[in-house]
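To start, the structure itself, in structure tokens.
The values are calculated or read from the model by the stated rules, or taken from the named source; none is laboratory data. Please read all numbers here as calculations on a predicted model, not as lab measurements. Cβ coordinates were reconstructed from backbone atoms using ideal geometry, including for glycine residues, and neighbour counts include every protein chain displayed. The area values use the complete protein model at the heavy-atom level, side chains included, leaving out ligands, DNA and RNA. Shrake-Rupley method; radii C 1.70, N 1.55, O 1.52, S 1.80 Å.
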Amino acid sequence: MKQKKLMTIVASVIAAAFLTTACGGGQAAETTVASTEQTEQAVEQSGEETAAEAENDVAAKTAQWPDYAQFTPVEQLPEEPLKFAFLGYNNNPFWNLVHEGLEDATELFAGLNVEIEDVNIGNEITAKAYNDTIDACILKGYDGIVGVPLVAGTEVGINRAAEAGIPVVNIVGEAEGTDIPMNKLTCIMINSQKCAETHADALIECIEKNNGGEPIKYGYIQSYLGSKEDLQRKHFEEYLNEKLPGCEMIGPFEALDQAEKVYTAAKDMMNANPDLMAIIVSGGGPNGAARAVQELGKTGEVFVFANDEIPENLQYVKSGEMYEVMSQGPQGQVVDAFTVLYNYVVAGEEPESKLIDAKTFTVTQENVDEYLK
């Protein structure tokens, strides 16, 4: 429609020029020059109108950005269509929340001339699987990548993407303290220290309510030993010992993000330690621990503390096996990551830092009904 409007203006001016020229004389030459100037002005004005309309269109779209996101796109469209890749997994229900955010991002950015492709790595959470997927993305020539590296060694693939001119934004988690610097654009994830302190504070509250504030014995289950969760666990221990000295930890146990392995570890711990009062699960599948508590008839005696507001976890919060669930804000992490990527590719806007805290919230029995669908 905009192009037809422009062509109509140009045609009208040119037609006027020809009619004047037909009358002959020097006046015709002057009129032709004037007509040319009018044509240029019309083209320039139409171009300005088109750019203004585009900016208004982008502004209208960004005004509808979800409340759970921290950032909004720049009010500028890419010069040509962009194609971004998302690298994720499907090995536990947490990824359902991530993919809800991916669906939102795909729809939102389609209106900004960006195609987002879901490149599913599968269930194998290893550096090799991740780096092989990164290499495939480099060959396909994506304009940017959002991914979930999680384990040490993935910095190799991320650096190869950066060398190929493809910016990478990490979410959810990345290995910390590796020997190889990671040339990422940024990482958006929950702050490990904040997460540890949130769970520890909730545990202290639970102990005060159910054990008179006296030290307890608790179990600790994490997805992968030797990952970023080690730092979170260590900070949890230090913080808890500072606030409530004398608590004894059983574990840590590795469960590989699998609910059945969490279930087995939790059941074994409770059978071997009848005085166990709490179980902390820092990775996927915490509903396995809640199921073990329920099956052993320990509801109200043993309490689970975990991440992620998946439906199974929320039901266990409601029935009392889980005392507290902390959201990692996965939907927001995904949309924010693509927004940061878009702003960098389209406008050269650098992210505020190399590590950005995700928006989080906690769920307890007091507010669980707000989140149950």
| query | For the residue pair E103 and N183, what label-to-label distance in nm results when each label sits 7 Å from Cα along the Cα-to-beta-carbon direction? | reply | 3.7 nm
| message | Test of understanding: what is the full-extension gain from N367 to A110, defined as 0.36 nm times their sequence separation minus their Cα-Cα distance? | response | 89.1 nm
| query | Can you work out the FRET efficiency for the pair E79 and E349, with r the C-beta to C-beta distance and R0 = 25 Å, to the nearest 0.05? | reply | 0.95
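Which of the pairs K267/K318; K243/K373; K261/K298; K83/K354; K184/K373; K83/K228 have their Cα atoms more than 28 Å apart in this structure? Present the calculation step by step, with values, prior to reporting the outcome.
Numbers: K267/K318 21 Å; K243/K373 36 Å; K261/K298 19 Å; K83/K354 23 Å; K184/K373 36 Å; K83/K228 30 Å.
The pairs that break the limit, which is 28 Å between Cα atoms, are K243/K373; K184/K373; K83/K228.
Which translational diffusion coefficient, to the nearest whole µm²/s, is obtained for the range 217-285 from the Stokes-Einstein equation, given a Kirkwood hydrodynamic radius over C-alpha pairs, 37 °C and 0.692 mPa s? Let's see the in-between values first.
On the way: Rh = 12.2 Å.
Here the translational diffusion coefficient equals 270 µm²/s.
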| said: Per q in 0.14, 0.15, 0.24 Å⁻¹, report the Debye log10 I(q)/I(0) for the range 137-197, using one uniform scatterer on each alpha carbon and no solvent. | reply: -0.39, -0.44, -0.98
| task | Could you pull the Cα extents of the range 73-137 along its three principal axes, largest to smallest, in whole Å? | result | 38, 26, 15
| field | Heavy atoms of L77: accessible area, 1.4 Å probe, square angstrom to 10 | value | 70 Å²
| said: Largest first, please: the extent of the C-alpha atoms of the range 184-310 along each principal axis, to the nearest Å. | reply: 48, 33, 24
| field | For the range 99-242, convex hull of alpha carbons as volume per residue, Å³ | value | 140 Å³
| note | In this structure, the FRET efficiency calculated for D132 and L225 from their beta-carbon separation, with R0 = 22 Å, to the nearest 0.05, is 0.40
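Can you give me the orientation-averaged projected area of the convex hull built on the Cα atoms of the range 309-373, in nm²? Kindly include the intermediate steps, with their values, before the conclusion.
Values: hull surface 21.4 nm².
Reported value for the Cα convex hull: 5.4 nm².
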| query | When only alpha-carbon atoms count, how far does the range 261-353 stretch along each of its three principal axes, as whole angstroms with the largest first? | reply | 59, 23, 19
